[in-house]
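Worksheet: the structure to be examined is printed underneath.
The values are calculated or read from the model by the stated rules, or taken from the named source; none is laboratory data. Small disclaimer: the values here were computed from a predicted structure and weren't measured. Reconstructed Cβ throughout: ideal geometry from the backbone, glycine too, with neighbour counts over all protein chains shown.
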């Protein structure tokens with residue numbers, strides 16, 4: 001863990017510090033910029049090269065996977081404990097993308113470890129901190145609920161497929177969090193934004209004039225614009241009453257066929273090409289569930305004024 005100044009919170013008028021694990025990723029970059037521009041000092045934990053600070057955003061090296069196989073219960077780094085102590089909030093966005101290679105048993109294990117191990121290390125560091133943060137906001141996914149066309153909210157139970165199991169493992173370490181720290185679970189829908197995430201792959205067929213509905217087209221897409229997602233994360237660390245799970249999704253989920261129509265309109269492309277489930281199943285195996293199935297996830301807990309509440313406005317902005 002590289003050296004960082006940790007005593008700013010003791011000075012009058014000091015800016016509150018937020019530590020973001022996974023802050024170099026698609027959501028983390030946007031969130032760091034939002035927080036840094038709104039009065040926070042942001043420290044991004046990175047496993048790569050530590051870059052020089054950029055305004056209120058600085059970087060610290062950490063190694064959550066060091067000796068993970070041999071010492072699953074090993075103590076967190078002293079530097080991580082020191083960095084977290086005195087911070088206002090910790091946000092955990094760590095986790096490999098669920099896209100990419102097929103979900104073999106080895107790939108599933110890697111996806112799980114990339115989420116669970118950093119979360120465990122952060123919880124251990126928070127529990128050991130002399131001045132713990134007020135809140136730990138833990139990213140998760142609406143895959144927690146399993147696929148289906150029935151509406152699910154924060155009170156709904158978990159599903160029984162791989163994505164549901166992955167989300168349960170991801171969230172489980174928060175049960176060990178010390179009592180005075182608020183545990184918040186941000187169960188994300190599909191985050192749509194520029195510069196990363198799923199949107200590029202979702203729009204590529206339309207750009208190539210071969211876009212259209214997938215499978216029957218009736219599966220639901222619970223989505224959110226990156227702008228609103230970052231604003232909600234900020235809201236969750238600032239609201240002292242926020243606690244437990246929140247479905248971070250736009251208020252208007254859509255069916256796949258409606259996404260295809262909106263994407264075609266935004267890009268000025270036809271939407272005539274139908275992609276059957278069996279073709280995607282043959283190509284992707286179990287991973288085909290990402291596009292052939294969906295969740296109708298809604299939120300009964302969020303109090304947020306959405307800038308992009310409907311898919312047309314979101315795609316017009318992004319596409």
Residue 201 versus (1) surrounded by fewer than 22 Cβ atoms within 10 Å (Cβ to Cβ); (2) out of contact with any strand residue (DSSP E or B) (no Cβ under 7 Å at 6 or more places or on another chain); (3) modelled with pLDDT of 95 or more; (4) closer than 21 Å to residue 295 by Cβ: which is the lone unmet condition? (3)
Name every residue in the stretch 289-303 that is more than 15 Å from residue 190 (Cα to Cα) and in contact with a strand residue (DSSP E or B) (Cβ under 9 Å, 6 or more places away or on another chain), in order of residue number. 300, 301, 302
Could you please let me know if residue 256 is under 20 Å from residue 142 (Cβ atoms) and over 14 Å from the mean Cα position of the chain (by Cα)? yes
One residue from 224, 237 being within 21 Å of residue 159 (Cβ to Cβ), under 25 Å from the mean Cα position of the chain (by Cα) and either touching a residue at least 12 places away in the same chain (Cβ under 8 Å) or in a loop (DSSP other than H, G, I, E, B) (or both): 224
With respect to the numbered conditions (1) in contact (Cβ under 8 Å) with a residue 60 or more places away in the chain; (2) surrounded by fewer than 21 Cβ atoms within 10 Å (Cβ to Cβ); (3) over 22 Å from residue 167 (Cβ atoms), which one is the sole condition not fulfilled by residue 211? (2)
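Consider the stretch 254-275. How many of its residues are assigned to a helix (DSSP H, G or I) and in contact with a strand residue (DSSP E or B) (Cβ under 7 Å, 6 or more places away or on another chain)? Steps first, please.
Looking only at the stretch 254-275, we keep the residues that are assigned to a helix (DSSP H, G or I), and these are 256-267.
Add one more test, that the residue is in contact with a strand residue (DSSP E or B) (Cβ under 7 Å, 6 or more places away or on another chain), and what stays is 256, 259.
Residues that pass the stated criteria total 2.
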In the stretch 59-94, what count of residues is obtained for those that are in contact with a strand residue (DSSP E or B) (Cβ under 8 Å, 6 or more places away or on another chain), in a loop (DSSP other than H, G, I, E, B) and modelled with pLDDT of 95 or more? 5
Tell me whether the stretch 155-162 contains one or more residues that are closer than 25 Å to residue 276 by Cα, free of Cβ contacts under 8 Å to residues at least 24 places away in the same chain and out of contact with any helix residue (DSSP H, G or I) (no Cβ under 6 Å at 6 or more places or on another chain). yes
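When the stretch 280-302 is examined, which residues are found to be modelled with pLDDT of 95 or more and in contact with a helix residue (DSSP H, G or I) (Cβ under 8 Å, 6 or more places away or on another chain)? Outline the logic, then answer.
So the first thing to find is which residues in the stretch 280-302 are modelled with pLDDT of 95 or more, and the list is 296-302.
Residues satisfying the conditions are 297, 302.
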Working only within the stretch 251-301, note down all residues that are surrounded by 15 or more Cβ atoms within 10 Å (Cβ to Cβ) and free of Cβ contacts under 8 Å to residues at least 12 places away in the same chain. 261, 281, 288
